[in-house]
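Working notes, structure below.
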Amino acid sequence: MPLPPELSPYDALVLLSFGGPEGPDEVLPFLRRVTAGKNIPDSRLEEVGAHYALFGGVSPINAQSRALIAALEAELSARGLEAPVFWGNRNYDPLIPQTFTELAEAGHRRILAVTTSAYSSYSSCRQYRENIADGVAAAEEATGVRLEVDKIRPYALHPGFALANLAAVRDAVRAAQETAELPTLLFVTHSVPTAMDETSGPGDGDGHLYSRQHLVLAEAITERVAAELDLPDLSAELVYCSRSGPPQQPWTEPDVNDRLEELAAEGVTTVVLAPIGFVSDHMEVVYDLDTEAAATAERLGMRLLRAPTAGTDPRFVAGLVDLMLERAAEARGENPDMPQFAGDDIRPSVCAPGCCPNLRTARPALCGRD
């Protein structure tokens, strides 16, 4: 089925996500794929796998990807843009090379990709560009067809993603006020090696784009929530979760659990966690925050509330469709509006040379100028 003209020149839309196991027997193979080339022993992977065991060996992320696909198709249909959204994962079936090969076999030639990661860094942007390159190469080897793939721009500061998080934070802070106490607001994202943050952004830039995007969004949301709820003393900061590197390797800090300890010592009794670094409630949220951080707070006698992620919030879903239409207009040579919720650093759809480099090994990456 051809796509509507508003989405031309593309003939297929694909959601690219991380993927996760859907049963106990799949956990260890999944973790081996995620950590391939990092020489992590199975004994350590089995420790991580215990987190999945708490949820029956099933990661929530695949169900959330299916829900987001359904929501995107419904939003497209509501705009009169009937179009299927295909699906490919980095680490679990359907794998991106498999999806791209099937699309090539079905006659598709030009694909627009939407990733389930909003920020700019190696793991959240360039690694998907490497996955796209792998998928294109696999499809060409299998079919002889060279697919052309573009992706939407990083959307951490796009109004759709930002407004969904704003509403979630506002509701959580309002709920915390039921105790008549001003909460402390902790914005949470995935910890990354400090070298990855330092090199995030264009090769000729100042780096730290990953952390800066979070700080800009957190500050803008805090200002709006404080104004809307008349809370001029609302305090907020950025913390991290899900560190997974060796002890000798520096990662971004502070860890959310360490910060909860410090806040409790300072007399803080109510905290709102806002996981703005995540698109949906996958394992880093339901284990690291809802299980581990919640246990820390309970031990400390703190009241802990957690704002939901963007998930399938209609504002977020509509924003992703807006980004699809924006990218299609760019591909047609037009100059569309590129709205921004906060900050003036609008990230391009085509990455600059050296942007968010792979610090381990050089690998081909598409959707960029290098």
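Quick notes on this structure:
- Think of segment 151-237 as having a plus end and a minus end, set by charges on the Cβ of Lys, Arg, Asp and Glu; of Ala167, Thr184, Leu215, Ala167 sits farthest toward the positive end of this dipole.
- Placing one equal scatterer on every Cα of segment 159-306 and applying the Debye formula, the log10 ratio I(q)/I(0) at q = 0.09, 0.12 Å⁻¹ is -0.28, -0.50.
- Cα long-axis angle, helix 314-331 against the chain (0 to 90 degrees, to the nearest 10): 40 degrees
- Length available on full extension from Ala295 to Gln340: 0.36 nm per residue minus the Cα-Cα distance, which gives 12.5 nm.
- Extending 7 Å from the Cα toward the beta-carbon at both Thr194 and Arg33 defines two label points whose distance is 3.4 nm.
- Ranked by how many other Cβ atoms sit within 10 Å of their own Cβ, fewest first, the residues Val114, Val34, Val350 fall in the order Val350, Val34, Val114.
- Ellipticity at 222 nm from helices only: DSSP H runs of n ≥ 4 in the chain, each -39500 (n - 2.57), divided by the residue count, give -12500 deg cm²/dmol.
- For segment 1-97, the set of GluC sites (Glu not before Pro) satisfying both a DSSP loop assignment and a count of at most 15 other C-beta atoms within 10 Å is given as Glu82.
- Averaging 1/r over every pair of different alpha carbons in segment 5-155 and inverting the result gives a Kirkwood radius of 16.5 Å.
- Electrostatic dipole magnitude of segment 306-370 [Cβ: Lys, Arg +1; Asp, Glu -1; Cα centre; debye, to 20]: 420 debye
- Here the contact order of the chain, divided by its residue count and restricted to Cα pairs under 8 Å and six or more residues apart, works out to 23 percent.
- Relative contact order computed over segment 5-155 (Cα-Cα under 8 Å; 6+ residues apart), in percent: 31 percent
- For the chain, size of Cβ-based charge dipole, Lys and Arg +1, Asp and Glu -1, in debye: 740 debye
- With Cα atoms, 0 to 90° folded angle of helix 42-53 axis to the chain main axis: 80 degrees
- Each residue in Ser117, Ser17, Ser124, Ser77 was given a count of other beta-carbon atoms within 10 angstrom of its own, and listing them fewest first yields Ser77, Ser117, Ser124, Ser17.
- Segment 263-337-segment 81-131 distance, computed between alpha-carbon centres (Å): 22 Å
- Phi angles across segment 243-256 convert, under the Karplus curve 6.51 cos²θ - 1.76 cosθ + 1.60 with θ = phi - 60°, into 3J(HN,Hα) values of 4, 9, x, x, x, 6, 9, x, 10, 5, 9, x, 5, 4 Hz, Gly and Pro given as x.
- Environment charge at Ser117 (Cβ cut-off 14 Å; Lys +1, Arg +1, Asp -1, Glu -1): +4
- Unit charges on C-beta of K, R, D, E only; dipole of segment 159-306, Debye: 260 debye
- Among Ile111, Met338, Val225 the positive-end extreme of the charge dipole of the chain (Cβ point charges): Ile111
- P(r) tail, the chain: Cα-Cα pairs separated by more than 26 Å, 52% of all pairs.
Bear in mind that the values in this text are calculations on the coordinates, not laboratory data. Remember, predicted model here, so these are calculated numbers, not experimental data. Cβ sites come from the backbone with ideal geometry, for glycine too, and all protein chains shown count toward neighbours.
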